[in-house]
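The values are calculated or read from the model by the stated rules, or taken from the named source; none is laboratory data. Treat the numbers as computed from the prediction; the structure is a model and nothing was measured. All Cβ positions, even for glycine, are placed from backbone atoms using ideal geometry, and neighbour counts span all protein chains on display. SASA here: full protein model, heavy atoms, side chains in, ligands and nucleic acids out. Shrake-Rupley method; radii C 1.70, N 1.55, O 1.52, S 1.80 Å.
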Amino acid sequence: MDYPVLNLLCFVLIHLDLYLNLPVALAEWNTNDYLKREHSLYKPYQGSGMAIPYWDFYGTTMVTSNYIRLTPDAQSMQGALWNSVPCNVRNWEVQIQFKVHGRGKELFGDGMAFWYAKDRMKPGAVFGNMDFFQGLAVIIDTYSNHNGEHNHVHPYISAMVNNGTLHYDHDRDGTHTQLAGCSAKLRNLDHDTHVSIRYDHDILTVSTDLENKAAWKECFSVKGVRLPTGYYLGVSAATGDLSDNHDILSIRFYELDLPMDPKDEEDRSQIIPSAAFFEAPREHIDDPKPSSWSGVKTFLLMLLGAIVLIVLAICGIMFYQKHQENKRKRFY
């Protein structure tokens, strides 16, 4: 074969190969709308030894081959699982597969929470995480003996954005600082439950799949939520006088492929978490707290009742004996 013809043929084949592989090359560089492994967690959980790649845990958290249990069904427990890689994605969605279950039929608690926060691995009083946090919390409050004045039933899903100055008030179930919420029957189901937290173009949308239909049902959506980049993902749970098993089965984090928006060019690394809308605060009603004297009064009332019953029984026996004696006298 002539050398010029051979060279031309090679040239055509090389460029044809590049052309055919061009979509693959472009797809590899397209980092939008796909699972981000460094922010996700699914089976098998463990790498070498007890370590979980990209994740740390503390408290009562227990890693098994089928689930990660944040708390067992026991009193006064708390555990958490935190991503070790800061999230620099502007628009994202997290899908969490979980189960909340326990022996309690009427009484159970306390609940669990998803976090997108500045500080990680900080145990505290807010479902196993620190109070006065900076960032976003999506809370699944299962405490059946709820506090204060409410127009909803538990379990209850709500969201809170904090700039580090707000206190989560358990006595009001956080209703004075929540963005929005919805009731969700998610305990002791025969199938796994799912929650989706979607954040795109400053809109926070929380959805659930509690009926095992592989379809999302919107819980609430809130506009005007501004969150920084560079925060950490986490989940935590806690029990108190009431308890439940809080199990995580998977966490899947997706970067969203959305139309370009001028806001996407903004540097979000230094902004303060904020929200344009909060639900109207509800009047704080303190739970009645039993005094130390109430137990003594109960004991005294029970003792008095027992004495009255004994006296009545003695009087009844004496009356019966007197009546029998009178009957015998009549026969004589």
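Each residue of region 114-126 was assigned a 3J(HN,Hα) from its phi angle through the Karplus expression (A = 6.51, B = -1.76, C = 1.60, θ = phi - 60°), giving 9, 10, 10, 9, 5, 9, 10, 6, 10, x, x, 8, 9 Hz with x at Gly and Pro.
Place the peptides 204-210, 241-247 in order of packing, highest mean first, counting for every residue the other Cβ atoms within 10 Å and averaging per peptide. Write down the numbers at each step before the final one.
Numbers: 204-210: 20.1, 241-247: 23.0.
Per-residue mean Cβ counts within 10 Å order the peptides as 241-247, 204-210.
If I stretch the segment between Glu38 and Leu309 completely, what's the gain in nm (0.36 nm per residue apart, minus their alpha carbon distance), one decimal?
Numbers: separation 271, 0.36 × 271 = 97.56 nm, distance 7.15 nm.
Taking Glu38 through Leu309 to full extension adds about 90.4 nm, to one decimal.
Our coupling estimate for region 200-215, obtained by passing each phi through the Karplus curve with A = 6.51, B = -1.76, C = 1.60 and θ = phi - 60°, is 9, 6, 6, 10, 9, 10, 10, 10, 9, 10, 9, 10, 6, 9, 6, 9 Hz, Gly and Pro reported as x.
Which length gain, in nm to one decimal place, applies between Ala125 and Leu301 when the Cα-Cα distance is subtracted from 0.36 nm times their residue separation?
Values: separation 176, 0.36 × 176 = 63.36 nm, distance 3.79 nm.
Working it through step by step, the gained length comes to 59.6 nm.
Each of Glu93, Glu38, Glu218 has its accessible area taken with a 1.4 Å probe; listed largest first, they run Glu218, Glu38, Glu93. In sequence order, region 101-109 has phi-based couplings of 8, x, 6, x, 9, 10, 10, 6, x Hz under the Karplus curve 6.51 cos²θ - 1.76 cosθ + 1.60, θ = phi - 60°, and Gly or Pro positions carry x. With respect to the cross-link table entries Lys43/Lys263; Lys185/Lys263; Lys36/Lys105; Lys99/Lys263; Lys122/Lys185; Lys217/Lys263, which display a Cα-Cα separation exceeding 32 Å? Over 32 Å apart, Cα to Cα: Lys43/Lys263; Lys185/Lys263; Lys36/Lys105; Lys99/Lys263. Backbone amide hydrogens, once placed in the peptide plane, bring Tyr168 within less than 5 Å of Phe132, excluding anything fewer than 5 places away on its chain. Taking amide H as placed 1.01 Å from N in the peptide plane, the amide H of Val89 sits under 5 Å from that of Gly230, each at least 5 places away or on another chain.
If each residue of separation counts as 0.36 nm, what is the full-extension length gain between Ala51 and Ser274 once their alpha-carbon separation is subtracted? Show your work: numbers first, answer last.
Working: separation 223, 0.36 × 223 = 80.28 nm, distance 3.45 nm.
Contour length minus Cα-Cα distance gives 76.8 nm.
Taking a 1.4 Å probe, which of Phe319, Phe132, Phe57, Phe253 shows the most accessible area, and what order do the others take after it? Before the final figure, lay out each step's value.
On the way: Phe319 150, Phe132 100, Phe57 70, Phe253 0 Å².
Ranked list, largest accessible area first: Phe319, Phe132, Phe57, Phe253.
State the percent of C-alpha pairs, over all pairs in region 70-131, separated by a distance greater than 17 angstrom.
On the way: 956 of 1891 pairs.
Value for region 70-131: 51 percent of Cα pairs lie more than 17 Å apart.
Using the beta-carbon distance between His167 and Asp241 and R0 = 25 Å, what value does 1/(1 + (r/R0)^6) give for FRET efficiency, to the nearest 0.05? It comes to 0.70. Taking all protein chains as they are arranged and a probe of 1.4 Å, the heavy atoms of Val311 leave approximately 70 Å² accessible to solvent.
With a ≥ b ≥ c taken as the square roots of the eigenvalues of the C-alpha gyration tensor of region 205-249, please select rounded if a/c is under 1.5 and otherwise prolate if a/b is larger than b/c or oblate if it is not? Walk me through the numbers before you get to the answer.
Numbers: a/c = 2.05, a/b = 1.18, b/c = 1.74.
Cα axes put region 205-249 in the oblate bin.
Given a 1.4 Å probe and the protein chains as shown, His194 ends up with an accessible area of around 50 Å². Evaluated at q = 0.20, 0.22, 0.24, 0.28 Å⁻¹, the base-10 log of the normalised Debye intensity for region 156-225, with identical point scatterers placed on the Cα atoms, takes the values -0.90, -1.01, -1.10, -1.24.
Which three numbers, in whole Å and largest first, are the semi-axes of the equivalent ellipsoid of region 84-204 derived from its Cα gyration tensor as √(5λ)? Write down the numbers at each step before the final one.
Values: eigenvalues 109, 64, 39 Å².
Equivalent ellipsoid of region 84-204: 23, 18, 14 Å, largest first.
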